[in-house]
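*Asks:* Mind looking over this structure? Questions follow.
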Amino acid sequence: MPAALAMVRELVEGHEAVARTIRTVFTIADEANDQPTADLLTQRLQIHEKTAWMLRSLLEG
């Protein structure tokens, strides 16, 4: 079983990976003029970026 900080690092990596994927899909939705999907992606991106930021702050402390 990994140590607590190692698990936090894995969570950060996961949230950052999801954020990268969302940015890619957002471009596709934006080009297709699919505003509902773009709005949903924007909301999810904010959540994943905020969560990754909060988890990174645990690693710095």
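None of the figures in this text is laboratory data; all of them are computed from the coordinates on show. This structure is a prediction, so every number in the text was calculated from the model and none was measured. Don't worry about glycine lacking a Cβ; one is built from the backbone with ideal geometry, like all the others, and counts go over all protein chains shown.
*Asks:* Restricting to region 32-61, name every residue that is closer than 23 Å to ALA6 by Cβ, part of a helix (DSSP H, G or I) and small (Gly, Ala, Ser).
*Replies:* Listed by number, the residues that qualify are ALA52, SER57.
*Asks:* Read through the list (1) in contact with a Phe, Trp or Tyr (Cβ under 9 Å, 6 or more places away or on another chain); (2) exposed (fewer than 10 other Cβ atoms within 10 Å of the Cβ), then give the number of the only condition that THR37 fails.
*Replies:* (2)
*Asks:* Just to check your reading of the model, which residue among ALA29, ALA6, ALA17 is among the small types (Gly, Ala, Ser), surrounded by 15 or more Cβ atoms within 10 Å (Cβ to Cβ) and in a helix (DSSP H, G or I)?
*Replies:* ALA29
*Asks:* Exposed (fewer than 11 other Cβ atoms within 10 Å of the Cβ) and in contact (Cβ under 8 Å) with a residue 24 or more places away in the chain, is that true of LEU11?
*Replies:* Spelling it out, it is not the case that LEU11 is exposed (fewer than 11 other Cβ atoms within 10 Å of the Cβ) and in contact (Cβ under 8 Å) with a residue 24 or more places away in the chain.
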